[in-house]
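Shown next, in structure tokens, is the structure this report addresses.
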Amino acid sequence: MLKGFRAEIVSVPHDPRVAGDEAVLHEADGLLVVEDGVIVARGPYEQVIEGFPGLEVEDHRGRLMVPGFVDTHIHYPQTERIAAYGLQLLGWLDEHIFPAERAFADIAHAREVSGFFLDELLRHGTTSALVFATVHETSVDALFEAAVERNMRIASGKVLMDLGPDGLRDTPETARAESEALIARWHGKGRLTYAVTPRFALTSSDAQLGVAGDVLAAHPGTLMHTHISENVDEIAAVLGRFPDARDYLDVYDSFGLVGDRSIFAHGIHLSDRECCRLKESGAGVALCPTSNLFLGSGLFDLARLDGHGVKIGLGTDVGAGTSFSMLSTMGEAYKVCQLRGAPLDPFRALWLATAAGAAMLGMGDKVGSLTPGQEADFLLLDAGATPLSARRCADLPVGQRLFAMQILGDDRFIARTYVAGVLAHDRDAGKVAA
Ligand code: GUN
Ligand code: ZN
């Protein structure tokens with residue numbers, strides 16, 4: 001099945017900070033040609049169409065096609081606890097989050113929330129994500145089943161937390177057995193990736209962190225997903241429990257959890273040594289600006305991590321994050337960077353939300369760049385989504401238009417989302433997927 005999609009197209013396969021203008025691919029009137037879910041050609045319409053006489057073409061001129069967004073850190077069981085008032089990390093977990101996660105012992109509940117969650121991602125233009133589930137094995141089954149139905153590129157894993165609160169504790173033995181079983185059932189099936197997921201250093205025993213390291217080492221291609229250095233009280237508690245560790249990252253390192261398949265959420269208060277070690281190991285950090293502002297955790301220092309050459313992606317971190325929208329997450333990242341004295345270029349923000357995130361999740365050859373050979377996950381942005389945006393964006397060049405949508409944007413700006421070349425969300429027609 002061969003099909004064309006005509007629109008203005010922009011993608012950012014490389015870091016503009018390093019590659020400059022070469023990083024950005026832009027066609028004012030472009031054509032993306034897709035065969036069986038894979039991009040086979042892309043370029044200026046008049047040029048590319050010559051190679052495909054008689055091609056069936058969907059005409060979306062007036063819309064801006066970008067790669068599907070890649071959310072590098074989000075919690076699906078926290079969907080219903082977004083916007084919970086008044087606390088910082090540790091109190092917020094106890095008061096709002098752990099009670100919500102207990103409900104996922106019920107697979108019917110996990111299935112219902114999984115479907116809602118993935119549809120919400122699609123509605124916001126997110127086609128790939130690294131997702132926290134809960135400690136319950138079946139919470140991962142429910143999410144992966146729903147991801148298969150939607151053909152989405154999702155990475156997830158059972159949360160390891162043998163020192164967690166009542167009703168949310170596993171053991172080192174069940175952690176190993178259930179992670180292994182889930183890997184056997186799901187890892188590498190279709191578009192799914194397994195992520196070994198110790199919640200954070202405080203909720204796992206030394207024995208369980210050791211299990212996490214073993215399972216990660218035993219399964220090539222799996223990811224490691226956890227939290228680091230988010231909140232000052234959290235960091236003090238970690239250093240109190242591990243007095244021999246050089247720092248927070250060193251705790252994970254001592255259990256074999258720091259490498260090029262590791263993704264650490266937050267990393268707001270990292271030392272220079274930790275940044276150097278992250279760079280050396282090839283591990284990545286998920287920048288989660290709406291969450292870091294909401295929980296009062298701190299201001300991520302992107303320029304500093306860039307200086308160390310650390311891999312970065314962008315995450316919403318719902319439910320501490322305040323929106324599923326990667327557009328608005330880019331906008332909040334811009335504001336945090338402003339407070340740190342270095343504004344975030346809109347093309348670089350798009351790179352972080354697409355190709356950089358994909359590379360961090362080991363999917364950089366599959367999605368994120370809209371280049372031939374990649375899977376056709378993309379969306380159509382509508383700069384005229386609101387009267388104000390229509391007015392602001394009229395006649396703006398693409399970079400400024402992108403920026404305006406990052407600052408003003410939300411789900412209203414996502415006209416359509418396509419997964420592997422198939423329409424998965426159509427704003428104007430209501431729900432389409434699954
Ligand atoms: N650290 C440990 N668990 C969590 C969580 O659920 N959310 C956030 N933001 N940080 C965490
Ligand atoms: Zn998180």
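FYI, it's all coordinate maths here, none of it is from the lab. Everything numeric in this text was worked out from a predicted model, so none of it was measured. When we count neighbours, we look across all protein chains shown, and the Cβ atoms used for this are built from the backbone with ideal geometry, even at glycine.
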| Modelled label reach - residue 87, point 7 Å along Cα→Cβ, the stretch 310-331 residues with backbone N closer than 13 Å | 320
| Hey, rough spin-label estimate for residue 233 and residue 148, points 7 angstrom out along Cα→Cβ, what's it come to in nanometres? | 4.2
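If packing is taken as the average count of other Cβ atoms within 10 Å, what order do 74-83, 37-46, 385-394, 280-289 fall into, highest mean first?
Numbers: 74-83: 20.5, 37-46: 16.9, 385-394: 14.2, 280-289: 24.6.
So the order, starting with the most tightly packed, is 280-289, 74-83, 37-46, 385-394.
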| the chain, relative contact order [Cα under 8 Å, separation at least 6], % | 19
| Given H placed 1.01 Å from N in the peptide plane, which residues other than close sequence neighbours of residue 41 have an amide H under 5 Å from its amide H? | 33
| So for the chain, taking the charge dipole from beta-carbon charges (+1 Lys/Arg, -1 Asp/Glu), which of 240, 34, 397 sits furthest toward the positive end? | 397
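Mean separation of Cα pairs under 8 Å and 6+ residues apart, divided by the residue count of the stretch 304-404: what relative contact order is that in percent? List each step's numbers first, then the result.
On the way: 88 pairs, mean separation 19.3, N = 101.
After rounding, I find 19 percent.
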| task | Just grab the label-to-label distance for residue 299 and residue 218, each label 7 Å out from Cα along the Cβ direction, in nm (one decimal). | result | 4.6
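Could you please report the charge total around residue 283, scoring K, R as +1 and D, E as -1 over all other residues with beta-carbon less than 12 angstrom from its beta-carbon? List each step's numbers first, then the result.
Numbers: positive: 261, 277, 279, 311; negative: 253, 260, 274, 280.
After counting each charged neighbour, the total is 0.
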| said: At 7 Å along Cα-to-Cβ for each site, give me the label-to-label distance between residue 17 and residue 423 in nm. | reply: 3.9
| request: Just add up the charged neighbours of residue 29: K/R +1, D/E -1, any other residue whose Cβ is under 11 Å from the Cβ of residue 29. | output: -2
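Taking a quarter of the surface of the convex hull around the Cα atoms of the stretch 62-175, what do you get in nm²?
Working: hull surface 33.5 nm².
That works out to 8.4 nm², a quarter of the Cα hull's surface.
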| For residue 159, which sequence-distant residues (separation of 5 or more, or a different chain) have an amide H within less than 5 Å of its own amide H, given hydrogens modelled in the peptide plane? | 133, 134, 135, 136
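Would you compute, from DSSP H runs of 4+ residues alone, the mean residue ellipticity of the chain at 222 nm, taking -39500 (n - 2.57) per run and dividing by the full residue count, rounded to the nearest 500?
It lands at -10000 deg cm²/dmol.
What number, in nm² with one decimal, is the all-direction average of the projected area of the convex hull of the alpha-carbon atoms of the chain?
Numbers: hull surface 77.9 nm².
Orientation-averaged projected area of the Cα hull: 19.5 nm².
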| Separation of the stretch 382-434 and the stretch 338-373 by C-alpha centroid, Å? | 18
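Hey, with R₀ at 22 Å, roughly what FRET efficiency would residue 28 and residue 1 work out to, going by the Cβ-Cβ distance, to 0.05?
Working: r = 27 Å, r/R0 = 1.24.
In this case the efficiency is close to 0.20.
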| request: Report ³J(HN,Hα) in whole Hz for each residue of the stretch 334-341, in order, from the Karplus equation J = 6.51 cos²θ - 1.76 cosθ + 1.60 where θ = phi - 60°; Gly and Pro get x. | output: 4, 5, 5, 5, 4, 5, 8, x
